[in-house]
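J.: Take this structure first; my questions come after.
Nothing in this text is a laboratory measurement; each read-out follows from the coordinates by a stated rule. The structure displayed is predicted, hence computed values, not measured ones. Every residue, glycine as well, gets a Cβ built from its backbone with ideal geometry; the counts of neighbours run over all protein chains shown.
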Amino acid sequence: MKVESQNFIPAAQIAIRNPNIQEAVTTGTRNSYVKRNLAMSTPTLEHGEAMRQQAAEAKRRALRNLPDLLEKAEANMKANGITVEWAQSSQEVCRLVVEIAKKHNVHLVAKSKSMVTEEVALNDVLEAEGMEVIETDLGEFIVQIGKTHPSHLLAPIIHMTKPEIRDLMVKELGMTPTDDAGEMTKFAQAHLRHYFLEADMGISGGNFILAETGSICLVTNEGNGRMCTTLPRVHIAIVGIEKVVETVKDYATLTQVLPRSGTGQVMTVYTHMINGPRQPGESDGPEHVYVILVDNGRTNIYDTDYAEALACIRCGACQNACPVYRSTGGHAYGWVYAGPIGAIVTPLLVGMENASPLPQASSLCGACKQVCPVNIDIPRMLLDLRHDLVERGETSKIWDIGIKFWAIGNKSPRLFQIGGAMARFGRNHVLKNNFPGPLGGWTDYRDFPNFAPKSFHQLWKERQAAKNTNNGGANNG
């Protein structure tokens, strides 16, 4: 997927003015946010918070021991009969997948939902090699036939209304028009069924890899993940190196907070653990299982103060809670990862110079940290990225000059008083509620409150003067 994060501001302005996006994203994020809060407080809020802290420690411990856990996971996966490959870049991921596909004479590929394959633009590469690739997650399938990209970590078509989805399926698939979501789903299932049965290769991501057992763990609601990883004769799991966790016990905790945070479910419909290819005497399962462990910039993050971002379990809760994401949707962020976590991960993976507006795409309200199932301090990292942008000279010259003058004024009591008086007079008597230049970004959409008739310093001086007068009068008496 092409990186277009530098266009965040104009893209966000377009999204804000699109009534369909506003309706769809507002409804979807609000519902998920409410369900998340209910699920995480069941049976009690204290239980949910304790589970959240336990999950956070499981991921932090995995990150602290990441090199050793990756080696352990590789050894146990190989012992299970899985072929393990390592990919340092997106190009290497695609090269390995193409080589495996050609080795096994693959023509049709059925894919389960995977953000990392979006990250490396795998579908485009496979199609260029003459293979047919079909997304089998319902949301991803709609995105694919619409020739666009997912806009949310869990809900790829959260930006679309039901009528838009209906019209797309009628146009691209010949579906009989219906407004019944169940009928649309049944139609899509019938359309996809033969792909599951005829696919030569299945591709999935991986929610977690268990170092203790060498297992690949998937959590899904539609069952397509299990069919993609079981029915084709070849299965490739493409997984970021940060997805490894230490033990089955850790997974038992993480697989509870993930669905609660993402969809408001106590558990997903399907929890799938893959331990290797079909064994002698078994009647189903793939003949060959490959795992490609993907770096693609993750080790660069691991060596910085932003390593905590690698703890993300891709639940989308921060997106559902974020007032900026709720207003713009995901496509405005210009790459695979949107919302608060995307505003951190995208600049780190594609380069600050290619995504400089994203760290500013936050009100710093802290809602993202509050709902994160592994307690990632997203606001702190957004502030640090803003600092990095200043240090790199990536900020607007107008704002740099403005901040310098602001600092000079605040260091001088006299200039501070003069500035306050000028601002008060200008707001109350000249500019009213129409500020010029970049300041208009505030007053275009909200009222700026009136300044008080007198500053705090003036009130303080008057109070002290009155107090001295009263004390003097009392002494003279």
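J.: Would you mind calculating the gained length between Arg60 and Asp179 on full extension (0.36 nm times residue separation, minus the Cα-Cα distance), in nm to one decimal? List each step's numbers first, then the result.
T.: Values: separation 119, 0.36 × 119 = 42.84 nm, distance 4.54 nm.
Working it through step by step, the gained length comes to 38.3 nm.
J.: Which GluC sites (Glu not before Pro) from region 251-328 combine a DSSP loop assignment with at most 10 other Cβ atoms within 10 Å? Don't skip to the answer; put the middle values down first.
T.: On the way: sites: Glu282, Glu287, Glu308; in loops: Glu282, Glu287.
Filter output for region 251-328: Glu282.
J.: Next up: Quick one: if you stick a label point 7 Å off each Cα along the C-beta vector at Ile418 and Phe448, how many nm between them?
T.: 2.0
J.: Separate question: Would you compute, for the Cα atoms of the chain, the largest minus smallest coordinate along each principal axis and list the three values in descending order, in whole Å?
T.: 108, 52, 46
J.: Can you give the translational diffusion coefficient of region 263-419 in µm²/s, computed by Stokes-Einstein from the Kirkwood radius over Cα pairs at 10 °C and 1.306 mPa s? Kindly include the intermediate steps, with their values, before the conclusion.
T.: Details: Rh = 18.9 Å.
In µm²/s, the coefficient is 84.
J.: How would Asp388, Asp137, Asp377 line up from fewest to most surrounding beta-carbon atoms within 10 angstrom?
T.: Going from sparsest to densest Cβ surroundings: Asp377, Asp388, Asp137.
J.: How much of the DSSP bridge set in the chain is antiparallel, in percent, rounded to the nearest 5?
T.: Numbers: 8 of 33 bridges.
Restricted to the chain, the bridges split so that about 25 percent are antiparallel.
J.: Starting from the eigenvalues of the Cα gyration tensor, five times each then square-rooted, give me the equivalent ellipsoid semi-axes of region 339-472, largest first, whole Å. Please report the intermediate quantities before stating the final value.
T.: On the way: eigenvalues 297, 76, 53 Å².
Calculated on Cα positions only, the semi-axes equal 39, 20, 16 Å.
J.: State which stretch of the chain is the longest one without any exposed trypsin sites (Lys or Arg not before Pro), exposure meaning a DSSP loop state and at most 15 other Cβ atoms within 10 Å. Could you put the intermediate results ahead of the total?
T.: Working: sites that count: Lys2, Arg17, Lys147, Lys432, Arg446, Lys454.
That gives 148-431 as the longest site-free run.
J.: Bin by bin, in steps of 5 Å, what percent of the Cα pairs in region 153-241 do you find, going until the bin that has the longest distance?
T.: Histogramming region 153-241 at 5 Å steps yields 3, 11, 17, 18, 17, 15, 10, 5, 2, 1 percent.
J.: For region 344-449, which GluC sites (Glu not before Pro) pass both filters: DSSP loop (anything but H, G, I, E, B) and at most 11 other C-beta atoms within 10 Å?
T.: Details: sites: Glu353, Glu391, Glu394; in loops: Glu394.
Of the GluC sites (Glu not before Pro), not one in the loops of region 344-449 has a Cβ with at most 11 other Cβ atoms within 10 Å.
J.: How long are the three semi-axes of the equivalent ellipsoid of region 57-301, in whole Å, if each is the root of 5 times an eigenvalue of the C-alpha gyration tensor, listed from largest down? Walk me through the intermediate numbers first.
T.: Numbers: eigenvalues 171, 89, 61 Å².
Semi-axes, largest first: 29, 21, 17 Å.
J.: State, to one decimal in nm², a quarter of the convex hull surface area for the C-alpha atoms of region 206-287, i.e. the direction-averaged projected area.
T.: Numbers: hull surface 22.9 nm².
If I average the Cα hull's projected area over directions, I get 5.7 nm².
J.: Quick test of your reading: applying the under-4.7 Å Cβ rule, which cysteines of the chain are isolated?
T.: Cys94, Cys217, Cys228, Cys312, Cys315, Cys322, Cys365, Cys372
J.: Same structure, new question: By how many degrees, 0 to 90 and rounded to 10, does the Cα axis of helix 339-350 deviate from the longest principal axis of the chain?
T.: The two axes meet at around 70 degrees.
J.: Going by C-beta contacts inside 10 Å, put Ile16, Ile401 in order with the fewest on the left. Write down the numbers at each step before the final one.
T.: Numbers: Ile16 14, Ile401 10.
Ascending Cβ contact count within 10 Å gives the list Ile401, Ile16.
J.: Helix 162-173 sits at what angle to the longest principal axis of the chain, using alpha carbons and giving 0 to 90 degrees rounded to 10?
T.: 40
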